[in-house]
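What follows is a short report on a single structure.
Quick note: the coordinates plus some simple rules give every number you see, no bench work behind them. Computed from a predicted model, the values in this text were never measured in an experiment. So basically every Cβ, Gly included, is an ideal-geometry build from the backbone, and we count neighbours across all protein chains shown.
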């Protein structure tokens with residue numbers, strides 16, 4: 001939960017680096033809350049037409065867009081890639097797979113042009 005809250009606090013921070021753990025813990029909690037929002041929409045009966053989601057999920061989706069983008073950009077910075085690589089996800093099928101591979105990759109062990117290694121900062125603290 002710490003990394004989810006950290007991602008929310010750094011919602012518009014596109015500088016620096018994010019560890020794999022930070023990205024994936026943020027993603028895990030994001031998925032769990034999204035599932036809860038969809039379930040709540042269905043329990044209340046606020047679904048939109050034939051879709052299984054409703055206004056609660058859509059509001060959450062809108063609210064979490066910027067923090068998700070921020071943590072994804074910082075994760076790309078950790079592996080030494082430009083933030084523009086987020087746009088690769090718009091390539092059907094292949095783009096999502098390539099972005100997933102990048103998100104799983106280990107970060108640069110040394111400082112890069114986006115900042116110091118966040119693993120080393122945690123080990124020293």
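Observations on the model:
- Filtered residue count, region 6-24, keeping only those that are part of a helix (DSSP H, G or I) and touching a helix residue (DSSP H, G or I) at 6+ places or on another chain (Cβ under 8 Å): 8
- Matching residues, region 73-95, being in a helix (DSSP H, G or I), without any contact (Cβ under 8 Å) to a residue 24 or more places away in the chain and under 18 Å from the mean Cα position of the chain (by Cα): 84, 85, 86, 87, 88, 89, 90, 95
- Any hit, region 27-35, residues being within 20 Å of residue 119 (Cβ to Cβ) and out of contact with any strand residue (DSSP E or B) (no Cβ under 7 Å at 6 or more places or on another chain): yes
- Where residue 53 falls short, out of the listed (1) surrounded by fewer than 17 Cβ atoms within 10 Å (Cβ to Cβ); (2) over 26 Å from residue 108 (Cβ atoms): (1)
- As for region 61-69, it holds at least one residue that is free of Cβ contacts under 8 Å to residues at least 40 places away in the same chain, in a helix (DSSP H, G or I) and more than 17 Å from residue 13 (Cβ to Cβ).
Every residue, every condition in (1) touching a residue at least 12 places away in the same chain (Cβ under 8 Å); (2) closer than 21 Å to residue 28 by Cβ; (3) outside any loop (DSSP other than H, G, I, E, B); (4) under 13 Å from the mean Cα position of the chain (by Cα), yes or no:
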{"residue": "43", "(1), (2), (3), (4)": "no, no, yes, no"}
{"residue": "46", "(1), (2), (3), (4)": "no, no, no, no"}
{"residue": "49", "(1), (2), (3), (4)": "no, no, no, no"}
{"residue": "56", "(1), (2), (3), (4)": "yes, yes, yes, no"}
{"residue": "71", "(1), (2), (3), (4)": "yes, yes, yes, yes"}
{"residue": "97", "(1), (2), (3), (4)": "no, yes, yes, no"}
{"residue": "101", "(1), (2), (3), (4)": "no, yes, yes, no"}
{"residue": "109", "(1), (2), (3), (4)": "no, no, no, no"}
{"residue": "120", "(1), (2), (3), (4)": "no, no, yes, no"}
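- Every listed requirement among (1) within 20 Å of residue 1 (Cα to Cα); (2) surrounded by 13 or more Cβ atoms within 10 Å (Cβ to Cβ); (3) in contact with a helix residue (DSSP H, G or I) (Cβ under 7 Å, 6 or more places away or on another chain) is met by residue 27 save one, (3).
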